[in-house]
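The values are calculated or read from the model by the stated rules, or taken from the named source; none is laboratory data. No experiment lies behind these values; they were computed from the predicted model shown. Cβ coordinates were reconstructed from backbone atoms using ideal geometry, including for glycine residues, and neighbour counts include every protein chain displayed.
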Amino acid sequence: MLRRLRFRGMIGKGGMSVQTLEAMQEVGCVYLLVPSISAVLTTKVKDVKEAYWEDLLGEAIFGIEVEAFGPLVVAMDAHGNSLFEDVTRAAREKLQRSTARDELDSGAAT
C-alpha cells in the first residue's frame, strides 16, 4: 500500500518492519514517532499514590499526581464517542474513494 499510495510521511508509536523501511526508502517517506505515554509521564510524575496489578508491568494501573502535564485530547468519552473509530472510519472512506478513483482512471486509460 505504501508503494501504491506513495505516502510522504506516517505517524505512529512503534517500529515498522524491514519491508516497510525498504518501501519508505523507495518512495521517500518518513516515519514520525509519537512518544509513548510512559516516556512522557515519567518526566511529569510528582508522586505515585497507588498501584494495581504491578506484576503486569506495562499493563499495570497507577494513581499518580502529575505537574504541567498536557495538552491532552479526549480520545474516548462517556457518551460512547471514540476518536479512534472516527479516524478509522474516515480513513476507510478516503481509501475507498481513492481506490474507486484509481479504478475509474485505469478503466479510462484502456
In the stretch 61-75, the residues that are of a type outside the set (D, E) and surrounded by 10 or more Cβ atoms within 10 Å (Cβ to Cβ) = I61, F62, G63, I64, V66, F69, A75
query = Here are A51, A60, A39, A90: which of them is in contact with a helix residue (DSSP H, G or I) (Cβ under 9 Å, 6 or more places away or on another chain) and free of Cβ contacts under 8 Å to residues at least 24 places away in the same chain?
reply = A60
Within the stretch 1-72, helices (runs of 4 or more DSSP H) holding 1 or more residues that are hydroxyl-bearing (S, T, Y) and either modelled with pLDDT of 75 or more or within 28 Å of A100 (Cβ to Cβ) (or both) = 18-27, 37-44
ask   = How many residues are farther than 29 Å from L57 by Cβ and either surrounded by fewer than 13 Cβ atoms within 10 Å (Cβ to Cβ) or touching a His at 6+ places or on another chain (Cβ under 7 Å) (or both) if we restrict to the stretch 23-42?
value = 4
ask   = Looking at (1) part of a helix (DSSP H, G or I); (2) farther than 18 Å from L2 by Cα, which is the only condition G80 fails?
value = (1)
